[in-house]
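Notes for the one structure printed next.
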There are 2 protein chains.
Amino acid sequence: MAISSTPPTDTTAFSFTLQATDARTGARAGVAHTPHGDVPTPIYMPVGTQATVKTLTPDELTAAGASIILANTYHLSLRPGADRVARFGGLHRFMGWNGPILTDSGGFQVFSLGHLRKVDEDGVTFRSHVDGSPQRFTPERVIQLEEELGADIIMPLDECLPYGVDERVAAVALDRTQRWVERCRAAQTRPDQALFGIAQGGMYPALRRRATTMLAELDLPGYAIGGLSIGESKAEMHAMLEEVTPLLPAHKPRYLMGVGAPEDLFEGVARGVDMFDVVLPTRLARNGALFTMDGRLNIRNSRFADVEDPIMPDCACYTCARFSLGYLHHLFRVEELLGYRLATLHNVTFMLTLAGTIRRAVLDGSFVDLYERFLAGYRAPNATVREEQRRRWLEAQARKAASV
Amino acid sequence: MAISSTPPTDTTAFSFTLQATDARTGARAGVAHTPHGDVPTPIYMPVGTQATVKTLTPDELTAAGASIILANTYHLSLRPGADRVARFGGLHRFMGWNGPILTDSGGFQVFSLGHLRKVDEDGVTFRSHVDGSPQRFTPERVIQLEEELGADIIMPLDECLPYGVDERVAAVALDRTQRWVERCRAAQTRPDQALFGIAQGGMYPALRRRATTMLAELDLPGYAIGGLSIGESKAEMHAMLEEVTPLLPAHKPRYLMGVGAPEDLFEGVARGVDMFDVVLPTRLARNGALFTMDGRLNIRNSRFADVEDPIMPDCACYTCARFSLGYLHHLFRVEELLGYRLATLHNVTFMLTLAGTIRRAVLDGSFVDLYERFLAGYRAPNATVREEQRRRWLEAQARKAASV
């Protein structure tokens, strides 16, 4: 497949300004300029899979400090349909969010469908998790869908492999992913959307380097790192990041896909990552797990029943300004929807505030100090807890897929 | 049981100013003054059973025009416990709502428990629907709980009978309810709470008149009409209202309990009712039924999938200002919590706006015109649909109770 010699992306529509680089780590601060506004980095991007960041309004996202949100091409192509969103004038108008949007291609979701999907050189055939209907994604089809959705940053179709695949299998998938990104770029017709590349390569340093080098040669407006946080240890994830980011051009943003717990923000930024997305803060919130600078707390725990303090006295969110831990405990205990809202608002505000604090520290040269202070106070869930959470989630997904 | 000769209610804490009476109907406009602010009547009171009007924040309720909300003593005494709410400084502080609150005694809920409750002269023994634990409500205990909750208007324990009971059974219950309200008044220790009486009497005009006359003699700060909308026809309900309101003192507010569909507001106001509460607008919203001046629409209907218009172009709510029917349809189709929020906000705003419109019409003498215009445009669900909805709901309640 030939590479288009004149990329259709209008370089005036999207650009990245690198503002500072930390002297002791890979940490960077910058601004990504998009047609719908600027995104200061490092940034956490709240996930609005189905054209809504679960439980929140666009105005609440703005108040929480969100500058860019995600949506998902796989989910939106099934419901309500990308063509329908286009008739509404695109995703921004459809969901009432006027800031920047990034759409994931849905590759991760499609490849998570297991036996329900079949990959070939041209694309991937799968069954909808909603109604079992046959579906087909090719690189060109995904770009067409993303152009209909109209996000500011769009992701190419990539082949996502489970943790632990053989290096030869990973290499085949990686080369196909590379051909697919070139086809995605050739298929682009809208000059206002920035197509990022996605560096895959499993847990194989050589493959990660090969993917990164090939992508860098395409001179794309931004680069993502995919296929991490899929079951590997934190040490493995960090090792892969350390292979990739040094090979990426400094003046382009780097986006670590599907990763973004509070501790991950620090680890990723230290290794040169600018953008993060993960459903964890919103999903945990609905399960009653609330972020604090000391770690997570479980609001369902009866020790909060009589506590008049807010989640965090110095948090700027509406939840902390107005409600006690005791009231939130009550809402969760009686399963009131307001509880899920207030918890989500807090966790999203926490992530965005943390990203802003990290950014300011990078700019004023105090990133390492901040990092050390944070680590000293924050009890991250240990690997066993994380793995158990992940296993249960994957089982639930498998059950869902099997029931189609 | 002796009646306290000096009622503990501080008459300066609660009062009612009658501002206008319609020349052609029983419609009235007034203002109820409470320790937490004024309530212009006629008014619809959103229901916050468990110390939250489902899905909404206190600020959203204020923006929607709510001047008073309900909470439920039965539910709150079970979770989180009235004593716990008292330790938080009362219901206003606990839930972050600084406007007036009315607490229902929970009599209706207790008597809805069927075989799980047993009534005697002194009170009623029942099992919690939450955990099956044995509970006991007496008039004095209910007042104690309501004093701990600290609402501005409190309701006495009353015996609520199902539709269709024998007149002799209804008469026995009514006399007991009368003895109970006198005991409630004697048990009051807080001078800042207004205890309303509740006129029961089934579908028997003579009993309704007897209940009303006995209550009026107590010179209570306000009067409620209970035991309606429990399965009778609208005609029967209207006939009962017409027995009761003429016997109530004009300078006290009248509250029709558990009734308040848009068409009911007009019918009740025309018969001299000032205050309404019903869970219908919030419950319907979560089921996707949205109020318009033409009647209800079902947002799940596929005919809305491509509609760019809001629910009602001239509605002042955030939902109508910002979102299309197509987007709301999508949110309901994919079962996103934001959909339930936005629908609730609209329905509550609709009810409050309608109550405000009715109030202005009473004040300027155009109530009958408004009533006729409304009826000409509004398609109320017919009796069959209503009865079916009610049957399904009662079945669901029975299943819930049986599972204790």
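The values are calculated or read from the model by the stated rules, or taken from the named source; none is laboratory data. All of these numbers come straight from a predicted model, not from anything done at the bench. Cβ: placed from backbone, ideal geometry, glycine included. Neighbour counts: every protein chain shown. Areas reflect the complete protein model, heavy atoms only, side chains present, ligands, DNA and RNA absent. Shrake-Rupley method; radii C 1.70, N 1.55, O 1.52, S 1.80 Å.
Taking the conditions exactly as written (within 14 Å of chain A (Cβ to nearest Cβ) and either surrounded by 23 or more Cβ atoms within 10 Å (Cβ to Cβ) or in a helix (DSSP H, G or I) (or both)), does B:Arg283 satisfy them or not?
Details: within 14 Å of chain A (Cβ to nearest Cβ): yes; either surrounded by 23 or more Cβ atoms within 10 Å (Cβ to Cβ) or in a helix (DSSP H, G or I) (or both): yes.
Yes: the conditions hold for B:Arg283.
Taking the conditions exactly as written (over 17 Å from A:Arg28 (Cβ atoms), surrounded by fewer than 18 Cβ atoms within 10 Å (Cβ to Cβ) and at pLDDT 95 or above), does A:Ala187 satisfy them or not?
No; evaluated as a whole, the condition is false for this residue.
Answer yes or no as to whether B:Asn72 is buried (at least 21 other Cβ atoms within 10 Å of the Cβ) and either under 20 Å from the mean Cα position of the chain (by Cα) or touching a residue at least 40 places away in the same chain (Cβ under 8 Å) (or both).
When the stated conditions are applied, B:Asn72 passes them.
Go through A:Thr52, A:Thr62, A:Thr57 for me and flag whichever is within 15 Å of A:Gly96 (Cβ to Cβ), open to solvent by 30 Å² or more (accessible area, probe 1.4 Å), β-branched (Val, Ile, Thr) and within 13 Å of another protein chain (Cβ to nearest Cβ).
A:Thr62
Checking the structure you have, find out if any residue of region A:276-283 is modelled with pLDDT of 95 or more, among the acidic types (Asp, Glu) and farther than 26 Å from A:Thr21 by Cβ.
no
Residue by residue through region A:339-393, note down the ones that are of a type in the set (D, E, K, R) and at pLDDT 90 or above. If you could, list the steps in order and put the result at the bottom.
Step one: of region A:339-393, the residues of a type in the set (D, E, K, R) are A:341, A:359-360, A:364, A:369, A:372-373, A:379, A:386-388, A:390-392.
Selection gives A:Arg341, A:Arg359, A:Arg360, A:Asp364, A:Asp369, A:Glu372, A:Arg373.
Does B:Glu232 qualify as being touching a His at 6+ places or on another chain (Cβ under 7 Å) and touching a residue at least 12 places away in the same chain (Cβ under 8 Å)?
No: the conditions fail for B:Glu232.
Can you tell me which residue within region B:21-36, out of those that are open to solvent by 40 Å² or more (accessible area, probe 1.4 Å) and part of a strand (DSSP E or B), is farthest from B:Thr103 (Cα to Cα)?
B:Thr21
Can you tell me how many residues in region A:108-151 are of a type in the set (D, E, K, R), under 24 Å from A:Ala211 (Cα atoms) and touching a residue at least 60 places away in the same chain (Cβ under 8 Å)?
Within region A:108-151, residues that are of a type in the set (D, E, K, R), under 24 Å from A:Ala211 (Cα atoms) and touching a residue at least 60 places away in the same chain (Cβ under 8 Å) number 1.
Tally the residues that are within 30 Å of B:Arg141 (Cα to Cα), away from chain A (no Cβ under 14 Å) and surrounded by 23 or more Cβ atoms within 10 Å (Cβ to Cβ), restricting the search to region B:37-49.
Residues of region B:37-49 that are within 30 Å of B:Arg141 (Cα to Cα), as a first pass: B:37-39, B:43-49.
Retained after the next criterion (residues that are away from chain A (no Cβ under 14 Å)): B:37-39, B:43-45.
Subsequent filtering for residues that are surrounded by 23 or more Cβ atoms within 10 Å (Cβ to Cβ) retains B:39, B:43-45.
Result for region B:37-49: 4.
Out of region A:133-149, which residues are more than 30 Å from A:Pro205 (Cβ to Cβ) and open to solvent by less than 10 Å² (accessible area, probe 1.4 Å)?
If the condition is that a residue be more than 30 Å from A:Pro205 (Cβ to Cβ) and open to solvent by less than 10 Å² (accessible area, probe 1.4 Å), then A:Ile143, A:Leu145, A:Glu146, A:Leu149 are the ones that fit.
For the condition under 19 Å from A:Leu102 (Cα atoms) and at pLDDT 95 or above, what is the one hit in A:Gly197, A:Gly201?
Exactly one residue qualifies, and that residue is A:Gly197.
Pick from B:Thr212, B:Thr138, B:Thr189: which is of a type in the set (Val, Ile, Thr) and out of contact with any strand residue (DSSP E or B) (no Cβ under 7 Å at 6 or more places or on another chain)?
Exactly one of B:Thr212, B:Thr138, B:Thr189 is of a type in the set (Val, Ile, Thr) and out of contact with any strand residue (DSSP E or B) (no Cβ under 7 Å at 6 or more places or on another chain), namely B:Thr189.
Criterion first (farther than 19 Å from A:Leu352 by Cα and surrounded by 24 or more Cβ atoms within 10 Å (Cβ to Cβ)) does A:Phe94 satisfy it?
It is true that A:Phe94 is farther than 19 Å from A:Leu352 by Cα and surrounded by 24 or more Cβ atoms within 10 Å (Cβ to Cβ).
Return a yes/no flag: does region B:131-139 have any residue that is within 14 Å of chain A (Cβ to nearest Cβ) and either closer than 17 Å to A:Gly339 by Cβ or not basic (Lys, Arg) (or both). Explain how you work it out, then say what you get.
Going residue by residue through region B:131-139, those that are within 14 Å of chain A (Cβ to nearest Cβ) are B:131.
Filter again for either closer than 17 Å to A:Gly339 by Cβ or not basic (Lys, Arg) (or both), leaving B:131.
The answer is yes, given that some residue of region B:131-139 is within 14 Å of chain A (Cβ to nearest Cβ) and either closer than 17 Å to A:Gly339 by Cβ or not basic (Lys, Arg) (or both).
Looking at (1) more than 29 Å from A:Val39 (Cα to Cα); (2) more than 11 Å from every other protein chain (Cβ to nearest Cβ); (3) open to solvent by 20 Å² or more (accessible area, probe 1.4 Å); (4) touching a Lys or Arg at 6+ places or on another chain (Cβ under 9 Å), can you tell me which one A:Leu247 breaks?
(1)
Does region A:323-331 include one or more residues that are hydrophobic (A, V, I, L, M, F, W, C), within 23 Å of B:Trp97 (Cβ to Cβ) and free of Cβ contacts under 8 Å to residues at least 12 places away in the same chain? Break it down into steps so the answer makes sense when it comes.
The first filter runs over region A:323-331 and keeps only residues hydrophobic (A, V, I, L, M, F, W, C), leaving A:323, A:325, A:328, A:331.
From what is left, the residues that are within 23 Å of B:Trp97 (Cβ to Cβ) are A:323, A:325, A:328, A:331.
Then drop every residue that is not free of Cβ contacts under 8 Å to residues at least 12 places away in the same chain, which leaves A:331.
Yes.
Would it be correct to say that A:Phe291 is open to solvent by less than 10 Å² (accessible area, probe 1.4 Å), closer than 18 Å to A:Val39 by Cβ and in a strand (DSSP E or B)?
no
Spot the failing condition for A:Phe266; the list is (1) in contact with a Gly (Cβ under 8 Å, 6 or more places away or on another chain); (2) aromatic (Phe, Trp, Tyr); (3) in a helix (DSSP H, G or I), and only one is missed.
The failed condition is (1).
Residues of region B:70-85 being closer than 14 Å to A:Ala305 by Cα and within 11 Å of chain A (Cβ to nearest Cβ), which ones?
If the condition is that a residue be closer than 14 Å to A:Ala305 by Cα and within 11 Å of chain A (Cβ to nearest Cβ), then B:Leu76, B:Leu78, B:Arg79, B:Pro80, B:Gly81, B:Asp83, B:Arg84, B:Val85 are the ones that fit.
Of the residues in region A:93-129, how many are of a type in the set (Phe, Trp, Tyr), under 30 Å from A:Glu60 (Cα atoms) and more than 14 Å from chain B (Cβ to nearest Cβ)?
Going through region A:93-129 one residue at a time, the tally reaches 1.
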